[in-house]
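Step one of this worksheet: look at the structure below.
The values are calculated or read from the model by the stated rules, or taken from the named source; none is laboratory data. Note that this is a predicted model, so its numbers are computed, not measured. Cβ sites come from the backbone with ideal geometry, for glycine too, and all protein chains shown count toward neighbours. When the accessible area is computed, the model is the full protein with side chains, heavy atoms only, and any ligands, DNA or RNA have been set aside. Shrake-Rupley method; radii C 1.70, N 1.55, O 1.52, S 1.80 Å.
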Amino acid sequence: MHQQLETLYAEALAELDAITDSQAVRAWEHKYLGQKGAVTLILRGIGQIPKEERAAFGKRANEIKEALAEAHARRETLVQEQELARDLEENAVDVTLPGRATPTGGLHPSTQTLRQLYDIWAEMGFQVYRSRDVETDETNFSLLNIPPHHPARDMWDTFYTTTPGVILRTHTSPGQIHAMRDLGQNGTQPIRVILPGMCYRYEQVTARSEMQFHQLEGLAIGRNIRMSDLKGTISAFARRMYGANAAVRYRASYFPFTEPSMEVDVECFLCGGKGCRVCKYAGWIEIAGAGMVHPVVLQNGGYDPTEWSGFAFGMGPERMTMNKHDINDIRYFWQNDLRFLEQF
Ligand code: FA5
């Protein structure tokens with residue numbers, strides 16, 4: 001029995017030393033130290049030992065049991081550490097790898113331009129006045145000095161609704177009427193506003209023309225407003241928008257609701273007037289239609305045109321954005337293609 005015990009001890013230790021995974025450690029514990037384990041069974045069989053040897057045998061058996069339990073605990077810790085190290089190595093995370101970018105939203109290029117315009121005009125004392133997208137024929141045309149059947153209506157191809165007289169605004173100019181009637185207090189108060197908004201035209205969509213686009217209207221009404229005020233204001237705007245040296249020119253034009261009317265060009269900010277792709281080799285880029293508010297329109301807004309005067313202008317933020325970023329097709333703006341939108 002003594003010999004058997006010592007052999008068992010030596011075997012158990014040798015076996016334990018060779019173990020490299022915790023499952024085997026558990027199996028080993030079961031095999032030697034478990035309730036039906038080899039060492040336990042030997043201890044249980046102590047009765048078969050001659051009485052005089054029993055004490056010495058029991059002592060040795062207990063020593064061995066304890067020694068094996070200790071060896072087991074050490075091995076278990078060691079194996080667990082090795083397993084952890086192996087696991088860390090095999091499933092290593094390279095913390096120096098760049099992270100995956102979280103996509104973030106951004107402002108639409110038109111919104112960026114509009115906000116830049118709001119800032120500039122706010123600095124110059126113009127407040128934002130919001131007007132409706134769905135308009136009446138009367139406000140969009142008649143009150144702006146474009147009577148029914150007037151050939152000038154052809155300038156703006158219109159989206160009609162099924163309700164007679166109700167249309168989608170073709171420009172932001174009807175907002176002039178609303179602003180004058182709303183803020184003018186029966187033609188007694190001066191006004192200085194910008195009117196941004198979406199406009200709709202039933203026209204052939206091309207690289208330069210969408211059927212839906214923004215305009216930013218400006219309106220100033222006062223007692224002594226003259227053409228020089230319009231020109232000074234537009235020039236000051238152009239310097240803020242396009243730089244201190246921005247040159248502006250005015251070309252005679254025609255709008256039924258302004259008299260005189262003009263178109264405003266700014267010297268090409270890309271080539272400085274030498275001629276390039278963006279200005280189509282003209283050296284100048286059109287930025288607005290403008291003019292002195294027509295007396296009939298002042299009257300329709302509630303003002304006495306013999307005492308009051310004013311100027312108005314209308315700019316196209318999409319066209320401005322196209323020039324700024326050299327975008328060659330307006331159709332990109334509303335296609336919601338992230339490849340386009342993410343560039344701004
Ligand atoms: C007008 O709509 C006038 N109401 C502007 C105005 C206001 C004149 C106040 C005088 C006083 P026009 O049709 O030219 O004018 O349009 C003005 C601007 O809107 C254009 O210069 C252009 O920048 C933009 N625009 C017009 N049509 C389109 C279109 N289909 N797509 C994109 N932008 C357009």
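Annotations
- Residue 338 being more than 8 Å from the ligand (Cβ to nearest atom), of a type outside the set (Val, Ile, Thr) and modelled with pLDDT under 95: yes
- Which numbered condition residue 25 fails, given (1) in contact with an Asp or Glu (Cβ under 6 Å, 6 or more places away or on another chain); (2) assigned by TED's automatic domain parsing to the domain that holds residue 335: (2)
- Taking the numbered list (1) more than 16 Å from the ligand (Cβ to nearest atom); (2) in contact with a strand residue (DSSP E or B) (Cβ under 7 Å, 6 or more places away or on another chain); (3) of a type in the set (Phe, Trp, Tyr) in turn, residue 281 passes all entries but (2).
- Looking across the range 141-187, just one residue is crowded, with 18+ Cβ neighbours inside 10 Å, basic (Lys, Arg) and touching a residue at least 24 places away in the same chain (Cβ under 8 Å), and that is 169.
- Residue selected from the range 180-214 under the condition among the small types (Gly, Ala, Ser) and either in contact with a Pro (Cβ under 8 Å, 6 or more places away or on another chain) or within 12 Å of the ligand (Cβ to nearest atom) (or both), by the criterion nearest to residue 257 (Cα to Cα): 197
- Within the set 307, 286, the sole residue that is surrounded by fewer than 20 Cβ atoms within 10 Å (Cβ to Cβ), over 22 Å from the mean Cα position of the chain (by Cα) and within 9 Å of the ligand (Cβ to nearest atom) turns out to be 286.
- Of all residues in the range 235-270, those that are among the polar types (S, T, N, Q) and either open to solvent by 20 Å² or more (accessible area, probe 1.4 Å) or not assigned by TED's automatic domain parsing to the domain that holds residue 311 (or both) total 3.
- Matching residues, the range 1-17, being in a loop (DSSP other than H, G, I, E, B) and open to solvent by less than 80 Å² (accessible area, probe 1.4 Å): none
- Taken together, 19, 42 contain a single residue that is over 15 Å from residue 65 (Cα atoms) and touching a residue at least 12 places away in the same chain (Cβ under 8 Å), which is 19.
- Residue 211 vs. criteria more than 29 Å from residue 327 (Cα to Cα) and assigned by TED's automatic domain parsing to the domain that holds residue 172: no
- Considering each residue of the range 43-56 in turn, at least one proves to be farther than 18 Å from residue 12 by Cα and either crowded, with 16+ Cβ neighbours inside 10 Å or of a type in the set (Ser, Thr, Tyr) (or both).
- Test: residue in the range 265-278 that is on the phi > 0 side of the Ramachandran plot and of a type in the set (Lys, Arg): no
- Applying the criterion of at least 3 residues that are out of contact with any helix residue (DSSP H, G or I) (no Cβ under 9 Å at 6 or more places or on another chain) to the strands (runs of 3 or more DSSP E) found wholly in the range 163-239 leaves 191-200.
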